[in-house]
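To start, the structure under review is shown below, and the notes come after it.
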Amino acid sequence: MRRTILSTLLLLATGCAADAANERDLVADPGLVGTGAADYASRVHMLGHIDQDTVTKGGFVRADQFDGYTFSAGPESVVTLEVASAARGLDTTLFVYGPMDSGRIEEIAWDDNSGEGSLAKISNLELPTMGDYLVVVGTALADGRGAYSVALWCDSDVCDPGQDLAAGCDASISEWVDACAIRAANGIEDDAARIDAIQTCMSGTAAQRAYTDICEGDSGPNARVCGGFESFQSTNWEKCMGILSPTGEPPELL
């Protein structure tokens with residue numbers, strides 16, 4: 001009798017593992033595992049950075065669409081990610097990758113139907129280290145259409161140290177402007193000329209140089225802001241310029 005019970009339990013456990021594996025095989029995958037961190041933007045429709053304790057709206061308009069959002073994590077961060085709402089009949093999936101500065105993308109969690117109905121939800125996810133992460137929202141067969149919203153909840157004390165929260169400007173951009181201004185004004189004595197030199201670090205041309213340095217430099221892309229130059233310029237760069245120089249005058253960096 002004991003052997004029969006143990007055998008039955010073993011079969012049940014094996015069956016559950018097989019069911020989980022089979023379920024994953026039936027879900028459309030973004031195909032990011034093992035790729036270089038710089039390649040994710042070509043495979044996923046990147047929609048920017050999301051902050052903790054916020055709900056962000058999106059929508060599927062074509063087949064094989066995977067929407068990507070980056071978020072930052074502090075040491076010992078615990079987060080919950082969920083598709084909070086979706087169009088009727090939309091079967092959603094979630095995939096979490098990171099940390100993005102590790103050189104190669106590794107998947108750390110995924111889900112299909114742990115939320116309400118057919119919505120995806122990953123609860124109490126313990127992130128392995130401080131850094132930037134990528135969450136991808138998809139549909140089970142990669143053929144869904146309709147609106148959705150994705151939420152990121154912080155379940156621990158520290159979740160987002162990667163931004164200059166007091167200013168609201170991503171630290172990588174403010175640091176780049178600082179360094180650029182110091183180089184531009186070096187050796188210039190005339191105040192008006194110094195101001196003109198510093199202003200060149202906040203122009204549209206400077207945005208392209210900043211994107212190249214931040215996103216294509218030797219240290220690898222900053223996942224918070226490197227989702228394509230147009231997004232960088234219209235969202236991250238303009239936001240930082242409004243904070244660093246709200247009146248249009250050069251910031252007091254020197």
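Summary of values
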item	result
Residues with amide H under 5 Å from that of E76, placed H, sequence gap 5 or more	M130
Least to most buried among E82, E175 (fewest other Cβ within 10 Å first)	E175, E82
R0 of 41 Å, Cβ-Cβ distance T80-I188: FRET efficiency to nearest 0.05	0.20
Amide H partners (placed H, <5 Å) of I108, local residues excluded	V96, Y97, G98
Inter-probe distance in nm under a simple model that places probes 7 Å from Cα toward Cβ, at R62 and S42	1.7 nm
D143 long-range amide H proximity, modeled H, under 5 Å	D64
Likely footprinting exposure, V79, V27, fewest C-beta neighbours within 10 Å first	V27, V79
Taking L81, L141, L125 and counting other C-beta atoms within 10 Å, the order from fewest to most	L141, L125, L81
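Bear in mind that the values in this text are calculations on the coordinates, not laboratory data. Please read all numbers here as calculations on a predicted model, not as lab measurements. Cβ coordinates were reconstructed from backbone atoms using ideal geometry, including for glycine residues, and neighbour counts include every protein chain displayed.
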